[in-house]
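The values are calculated or read from the model by the stated rules, or taken from the named source; none is laboratory data. Everything quoted here is computed from the prediction, not taken from an experiment. Note: ideal-geometry Cβ built from the backbone for every residue, glycine included; neighbour counts use all protein chains shown. We work out accessible area using only protein heavy atoms, side chains counted, and drop any ligands, DNA or RNA first. Shrake-Rupley method; radii C 1.70, N 1.55, O 1.52, S 1.80 Å.
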Amino acid sequence: MFSNFIYFIIALLIYTTYQPTETPLFSCLERLFLFLFLSIIFACFTWYEFVRLKKKNSEIRFADSDDRFNTLVTRHSVMAILLFTFEIYGLQLPAFFFDIQIFASLPTITALIFIMLFMLYLIIIWSASYEFYQKKYLAGITRRSYIFSNISFAVPVILPWLLLSAILDIINLLPFDAPKRILSTTAGESIFFLLFLFIVAYTGPALIPKIWGCRPLEAGYFRSRIERLCKKADLEFTDILYWPIFGGRMITAGVMGITKRFRYILVTDALLRMLEPDELDMVISHEIGHVKKKHLIFYLLFFAGYMLIAYAVMDLIIMSALYSEFIFNLVGSYGSGPGTGSSIIFSFIIVFIFVIYFRYLFGYFMRNFERQADTYVYTLFNNAAPLISTFKKIALSSGQSPDKPCWHHFSITKRINFLEKCETDRSWIQRHDRNIKKSIAAYVVAMLFIGGIGYQLNFGWAGQVLEKHFIEKIIKREIENNPDNPNFYKIMGDLFYEDMEYSKAVAFYEKSLSLDPDNPETLNNLAWILVTCDDRMLYDPARSIRLAQRAAVLQKSPHILDTLAEGYYMSGMYDEAVKTGREALKLVKTDKAYYKKQLEKFKQALQCPSRINADIGQKDHLWMGST
């Protein structure tokens with residue numbers, strides 16, 4: 001179940017870090033054909049694999065078939081992520097929605113469509129795996145219930161993101177600039193996100209049980225027993241609910257909610273039917289332990305920690321990644337406009353950091369928090385023997401090996417072994433609690449250190465110097481190793497352009513063009529400098545027009561046409577500037593405000609050419625006066 005949680009977060013990260021390119025790799029028909037073809041192939045292959053596993057089930061040991069089943073589910077889930085990534089970045093399917101007004105105004109709708117697409121791929125996996133799951137584990141649930149249970153566990157991920165995205169859409173539609181200005185800053189964005197995270201964590205548990213279809217546990221023996229135990233532990237809550245996950249046939253329980261007002265205890269029907277009363281007490285005591293040890297609050301801290309790490313070290317990791325010649329060629333080949341190869345790198349790094357952070361660091365704390373919740377039973381009872389017998393029942397009913405490892409729980413065997421050590425020596429409990437305190441303290445110190453690094457890298461003078469030095473050193477090294485690679489000279493030109501060292505930028509662009517004279521991005525960048533630079537020695541609008549015309553023939557992109565229009569404008573060819581500016585505006589998918597502003601400038605020049613010519617003439621006069 002927790003794996004589905006991770007898969008959906010990865011899909012969200014992949015989609016939200018996507019930036020469209022202006023020149024798709026495939027035509028519209030090719031993209032639609034590849035989408036349908038690959039989706040059908042994925043569905044057929046998934047069904048084939050699970051049917052084959054079902055046929056082999058009788059030939060292999062129970063434990064082995066369990067491993068094969070889980071491995072197959074994981075493998076096809078990863079395939080679904082890869083297919084989804086290709087459809088977003090390779091086929092650029094979101095681009096089909098950009099020109100439709102409602103989707104352009106409310107990007108959340110488009111995002112929801114693609115998250116539903118990813119969910120469809122997972123539904124294919126769950127539907128194909130159902131028959132094996134039903135036959136092997138004798139689950140006794142319908143296919144619909146099996147699929148819905150898998151989907152519902154992802155709701156706590158999708159719902160907050162959907163709400164946050166919808167709020168941002170509404171803010172962008174409002175005729176007020178203040179909220180937009182605040183959210184455009186790093187500080188404003190961070191404060192808004194943390195505030196939203198707190199509100200969702202506080203109130204979200206009131207909504208999730210309704211989505212899951214939970215219902216109150218009726219008055220009677222079980223409810224009274226659970227209420228007495230919670231009173232003994234001094235735990236306040238709003239309600240005790242039936243948890244219908246997988247038809248209620250899993251022996252499990254849960255607790256959600258940071259505060260009493262929105263705190264719910266969840267139990268399954270199997271838990272009440274299959275456990276003895278003292279075993280039920282142990283399971284509920286375990287869930288109480290999560291609340292008493294503040295685990296839910298720490299989980300929020302760890303989520304915020306991931307955001308801090310991603311924000312703090314992103315630039316440093318990207319610069320380190322650029323050591324790769326392959327990545328350099330990727331960035332150079334995609335150009336400098338939106339939707340470049342750097343967007344793919346950024347998405348990959350974000351997902352990589354997420355997987356490493358949650359699989360290892362978050363997983364470490366989850367495993368140890370579960371063990372700490374296990375030992376909390378000693379706070380309420382003299383021994384944990386009923387909890388040990390419960391673990392054995394869970395292993396037997398699930399059909400899984402008690403030694404099976406799990407990234408968010410210790411194996412059942414390890415949990416039993418630790419409790420048995422505590423039975424003979426209670427000092428193990430204090431040792432474990434001390435280890436958790438030390439780990440949390442180390443985590444907080446590390447986050448403060450990383451936060452300081454992030455501030456320096458993103459806002460401090462040291463970060464700016466380091467970034468420039470780091471990137472220049474990387475590129476110069478690559479130029480020495482690959483002197484005939486035009487992409488490195490182009491990137492060096494981009495760096496000098498950003499530093500406003502235009503003469504050096506022009507030199508590197510010229511060198512890049514000598515090696516690759518038909519690179520539209522290099523032609524465009526050089527043309528832009530020649531028509532916008534204030535250096536008289538470099539200013540050459542006539543050559544800028546020639547370069548931009550050549551680039552436009554090779555790649556008819558909005559930013560290239562904008563450069564050509566600027567060349568026309570600075571040469572007094574206002575009619576051509578307006579015509580080219582309109583063409584650029586028609587092609588652009590995002591950031592239309594800039595192109596509209598450019599077109600308005602060209603139109604004003606066409607209506608009042610004498611004033612514009614005077615301004616350009618004054619610029620020439622200033623150059624002449626400086627000689």
Among the residues in the range 114-126, are any buried (at least 18 other Cβ atoms within 10 Å of the Cβ) and closer than 25 Å to TYR242 by Cα?
yes
Any idea how many residues of the range 34-50 are farther than 14 Å from ALA128 by Cβ and open to solvent by 90 Å² or more (accessible area, probe 1.4 Å)?
2
Starting from the range 290-302, take each residue that is assigned to a helix (DSSP H, G or I) and list its partners that are among the aromatic types (Phe, Trp, Tyr) and surrounded by fewer than 17 Cβ atoms within 10 Å (Cβ to Cβ), counting only C-beta distances under 8 angstrom and pairs at least six apart or across chains.
LEU300/PHE198
Limited to the range 138-165, what total is found for residues that are open to solvent by 30 Å² or more (accessible area, probe 1.4 Å) and either modelled with pLDDT of 90 or more or under 30 Å from LYS56 (Cα atoms) (or both)?
8
Of the conditions (1) of a type outside the set (Phe, Trp, Tyr); (2) in contact (Cβ under 8 Å) with a residue 24 or more places away in the chain; (3) farther than 24 Å from PHE298 by Cα, VAL200 clears all except one; give me its number.
(3)
Among the residues of the range 509-525, count how many are more than 12 Å from ILE560 (Cβ to Cβ) and buried (at least 24 other Cβ atoms within 10 Å of the Cβ).
2
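So which residues in the range 570-597 are of a type in the set (D, E, K, R) and in contact (Cβ under 8 Å) with a residue 40 or more places away in the chain?
LYS589, ASP591
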Of everything in the range 252-270, what is of a type in the set (Phe, Trp, Tyr) and within 13 Å of TRP212 (Cβ to Cβ)? Give them in sequence order.
TYR264
Identify, from the list LYS210, LYS135, LYS180, the residue that is touching a residue at least 60 places away in the same chain (Cβ under 8 Å), surrounded by fewer than 17 Cβ atoms within 10 Å (Cβ to Cβ) and of a type outside the set (Val, Ile, Thr).
LYS135
Please state which one of TYR455, TYR489 is among the aromatic types (Phe, Trp, Tyr) and closer than 30 Å to GLU521 by Cβ.
TYR489
For the range 219-257, enumerate the residues that are free of Cβ contacts under 8 Å to residues at least 24 places away in the same chain and of a type in the set (D, E, K, R).
ARG223, GLU227, ARG228, LYS231, ASP234
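Could you look through the range 479-490, keep only residues that are part of a helix (DSSP H, G or I) and open to solvent by less than 30 Å² (accessible area, probe 1.4 Å), and pick out the one that is farthest from LEU513 (Cα to Cα)?
ILE479
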Which number in (1) open to solvent by less than 80 Å² (accessible area, probe 1.4 Å); (2) among the β-branched types (Val, Ile, Thr); (3) under 23 Å from LEU300 (Cα atoms) marks the one condition that ILE191 misses?
(1)
Could you list, in sequence order, all residues of the range 279-319 that are at pLDDT 90 or above and touching a Gly at 6+ places or on another chain (Cβ under 7 Å)?
GLU287
Please work out which residue is most open to solvent (accessible area, probe 1.4 Å), limiting yourself to the range 247-277 and to residues that are part of a helix (DSSP H, G or I) and either within 29 Å of LEU197 (Cβ to Cβ) or among the small types (Gly, Ala, Ser) (or both).
ARG261
Among (1) at pLDDT below 80; (2) assigned to a helix (DSSP H, G or I), PRO20 falls short only on (2)
For LYS579, indicate whether it is open to solvent by 80 Å² or more (accessible area, probe 1.4 Å) and either closer than 23 Å to GLN19 by Cβ or of a type in the set (Ser, Thr, Tyr) (or both).
no
Picking from PHE86, PHE96, which residue would you name as being farther than 21 Å from PHE8 by Cβ, modelled with pLDDT of 85 or more and in a helix (DSSP H, G or I)?
PHE96
